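*Asks:* If you scroll down you'll find the structure; I have some questions about it.
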Amino acid sequence: MSPEPDALVVFTPSGKRGRFPLGTSLLQAARSLGVDVDSVCGGRAICGRCEVLVMKGDFAKHGVVSRPENLSALSAAEENPAGRRPLPAGHRLSCQARIQGDLVVDVPPTSQVHRQVIRKEAEARAITLDPVARLHYVEVREPDMHDPAGDLQRLEEALEREWQLTGLSCDLHMLQRLQPALRKGDWKVTVAVHGGERIIGVWPGFHELALGLAVDIGSTTIAAHLCNLESGEVLASSGVMNPQIRFGEDLMSRVSYSMMHPGGAQQMTDAVRSALNTLAADVARDAKVTAQDILEITLVGNPIMHHLLLGIDPVELGGAPFALATDDAVTVRASELGLNLHPNARVYVLPCIAGHVGADAAGMILAERPDLGDELTLLVDVGTNAEIVLGNRERVLACSSPTGPAFEGAQISCGQRAAPGAIERVRIDPNTLEPRFKVIGSDLWSDEAGFTDATHPEHSDQPTPLPQ
C-alpha cells in the first residue's frame, strides 16, 4: 500500500515545520507543532483571529516552494465574512484553509495568543535642546497696490526683521499653503524653518506644536518616541514587531530573500514603511495630536534595515566585502519614503559605520560619547543583531554579532521571544549569590510564595491564568 500523500509546512516566524496529510487544516497543523495561533470560535470562521499569511515563492532556506494554490480554495466564510473585515490579499483563515501542497505560512502578531511584548519606554536624561526645525511667529505687512512684492517676499522680510533669518529657501508644498494661511491669520502666522535655511511649514496665527519622532528600526522590533521639539519632552512611546520578520528571522535570511525573489527587497521596504506609518499614528493618537504635526523624524537601524528603509537592495551586504551604498547621513522628505507626516517633514537617517555596524551603533555612540572620556567604556546594544562599542578619547572600536537566535529560539530548541513566560529580570543576592528572576506575565519574583502556581497553572489545584 502506497503511503498517504503529505506536504511540508513551515510556520514563520517560529520556524517550526512538519509534514501533514493533504486536507489537514492549517490550524490543526499549527496546533500539532505548538505554533501560537489564536482561535476562540472553535474553527467555525466566526472570530477571524486565526488569520495567517500564505507566502509565495521559492524559499531555499526552508527547502520549500510555496504557492497560494497549495491551499484549498477560499471557503464561503472567507469570501463573505459576517461582521468581519474582508481578508487582505494572500491572507487566509487557518481554520478554513486546507493543505494541498508545500507551504510557508506566516503567523502575524495579531493572530498570536502570546504575542510579543514590546517595551520601549524612553528614559529621561539631560539633553541640550537644539532642534533642527524651529517655529517662528511673525507679523507680515499686507500687500499694497504700490508695492509689487509677493507674499513670500514679505514673509521673508518679516523673518529677517524679527528673527534675523536670511537667505531662506522654500518648499513648493509650503508655498501652496502660504496665501490661505496669511489671510486666515490676518497676516499673523507661525513659520517652521528647517536648519535655519528652509521654510517647510506655515500656520495661521500662533502655533506652538513642533513634534519630532525618534525611531529605532530593529530586526525584530521597531520602537518610536514622539517628542516635543520645543521642550524635549517625550510625549508618547510605542513599538511593533518588524513585519519584515515574515521574510526571514535574521538579517542574512532577508538578504537571501531579496537575492532569490525578484521584487523581494521592495516587498520588505513597503512592509517597514507601512509599520512606520502605523507607529506614527499610534504615538500621535496617544499624545492626542495628529501625525501631520510631526515635522522631523530621526531614524537608526542596522545597515540592512537602513538600506531597506531607503529602498536600496541590501544584496551587496550579503557577502564580502559587505559594501554599503553610502556611509553618509541621509536627509530626505518624509513623503519620498511614503510616510504620512507633515507634508514637508524631513527624515534624517544617521550614517552607518561599516557593512554590519549600523546607524543604531552610531546613535549609541552619539548618546553616550565614549570618545570624550579618558576611561575605557564598553557599550552593548543587545537585539536580534547586537552592536558592541569599546573605546575612549584615543580610539573607538565597534563590531556586531547576531544574538537574536540565541535568545529568541529562532529554529533552535531553546529560547523565547518577549512573550508571557519569558524571563525579563534577574537579581543575584550579593551575600548568598542566590539568583531570583521575574517572568513576563507575573508580578511575583521566583522566590516568592505563589510564583509556581501563577506561572504554571497546571501545578495548581485552581489554575490561575497568567495576567495579560
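The values are calculated or read from the model by the stated rules, or taken from the named source; none is laboratory data. Predicted, not measured: the structure shown is a model, and the values here were computed from it. Cβ sites come from the backbone with ideal geometry, for glycine too, and all protein chains shown count toward neighbours.
*Asks:* Just to be sure before I move on: is residue 199 in contact with a strand residue (DSSP E or B) (Cβ under 8 Å, 6 or more places away or on another chain), closer than 21 Å to residue 234 by Cα and β-branched (Val, Ile, Thr) in the structure I sent?
*Replies:* When the stated conditions are applied, residue 199 does not pass them.
*Asks:* Could I ask something else about it? Give me a count of the residues in the range 90-115 that are part of a loop (DSSP other than H, G, I, E, B), surrounded by fewer than 22 Cβ atoms within 10 Å (Cβ to Cβ), modelled with pLDDT under 90 and at negative phi.
*Replies:* 5
*Asks:* Applying the selection to the range 38-80, what residues are part of a loop (DSSP other than H, G, I, E, B), of a type outside the set (Gly, Ala, Ser) and either exposed (fewer than 15 other Cβ atoms within 10 Å of the Cβ) or at pLDDT 85 or above (or both)? Can you show your working first?
*Replies:* We begin by selecting, within the range 38-80, every residue part of a loop (DSSP other than H, G, I, E, B); these are 38-50, 55-56, 60-63, 67, 72-75, 80.
When the remaining residues are screened for being of a type outside the set (Gly, Ala, Ser), the result is 38, 40-41, 44, 46-47, 49-50, 55-56, 61-62, 67, 74, 80.
Those that are part of a loop (DSSP other than H, G, I, E, B), of a type outside the set (Gly, Ala, Ser) and either exposed (fewer than 15 other Cβ atoms within 10 Å of the Cβ) or at pLDDT 85 or above (or both): 40, 41, 44, 50, 55, 56, 67, 74, 80.
*Asks:* Now a separate question. Looking at residue 254, is it assigned to a helix (DSSP H, G or I), within 18 Å of the chain's Cα centre (by Cα) and buried (at least 17 other Cβ atoms within 10 Å of the Cβ)?
*Replies:* yes
*Asks:* Report, by residue number, each residue of the range 16-35 that is of a type outside the set (A, V, I, L, M), touching a residue at least 24 places away in the same chain (Cβ under 8 Å) and crowded, with 17+ Cβ neighbours inside 10 Å.
*Replies:* 17, 20, 24, 25
*Asks:* In the range 45-76, which residue that is of a type in the set (A, V, I, L, M) and touching a strand residue (DSSP E or B) at 6+ places or on another chain (Cβ under 7 Å) is nearest to residue 16 (Cα to Cα)? Outline the logic, then answer.
*Replies:* Applying the first criterion (of a type in the set (A, V, I, L, M)) to the range 45-76 yields 45-46, 52-55, 60, 64-65, 71, 73-74, 76.
Among the residues that remain, those that are also touching a strand residue (DSSP E or B) at 6+ places or on another chain (Cβ under 7 Å) are: 45, 52-55, 64-65, 71.
Details: 45: 24, 52: 15, 53: 15, 54: 15, 55: 15, 64: 13, 65: 16, 71: 18 Å.
Looking at the filtered set, the residue picked out is 64.
*Asks:* Scan the range 130-177 residue by residue and report those that are of a type outside the set (Phe, Trp, Tyr), within 24 Å of residue 230 (Cβ to Cβ) and part of a helix (DSSP H, G or I).
*Replies:* Scanning the range 130-177 gives 155, 156, 158, 159, 160, 161, 162, 173, 174, 177.
*Asks:* Still on this structure, please answer the following. Kindly indicate the residue of the range 275-304 that is among the β-branched types (Val, Ile, Thr) and not in a helix (DSSP H, G or I) and also nearest to residue 216 (Cα to Cα) among those meeting that condition.
*Replies:* 300
*Asks:* A further question on this structure: Given the residues 22, 53, 8, which is the only one that is over 23 Å from residue 254 (Cβ atoms) and of a type outside the set (Phe, Trp, Tyr)?
*Replies:* Of the residues listed, the single one that is over 23 Å from residue 254 (Cβ atoms) and of a type outside the set (Phe, Trp, Tyr) is 22.
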